[in-house]
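All of the numbers you see were taken from the coordinates with simple rules; none came from a lab. As the structure is a prediction and not an experimental result, all values here were calculated from the model. All Cβ positions, even for glycine, are placed from backbone atoms using ideal geometry, and neighbour counts span all protein chains on display.
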Amino acid sequence: MQGRFLQGSIGSFARKIFICHRRRISIFLRKTYLGIVAFG
């Protein structure tokens, strides 16, 4: 029971971070993807 609660709180915390930094994360992922495509 407590594990599920902990997992849920971590999930909501991660979702908050993701929503706050969505632009930065998407830019970072795009750069990483382009780097892999260019050098791979």
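For residues that are loosely packed, with under 10 Cβ neighbours inside 10 Å and either in a helix (DSSP H, G or I) or of a type outside the set (Gly, Ala, Ser) (or both), tally how many sit in segment 21-40.
The number of residues fulfilling the criteria is 6.
Given 5, 18, which one is more than 12 Å from the chain's Cα centre (by Cα) and either loosely packed, with under 10 Cβ neighbours inside 10 Å or free of Cβ contacts under 8 Å to residues at least 12 places away in the same chain (or both)? Lay out the reasoning, then the answer.
Working: 18 fails: more than 12 Å from the chain's Cα centre (by Cα).
Just a single option satisfies the conditions, and that option is 5.
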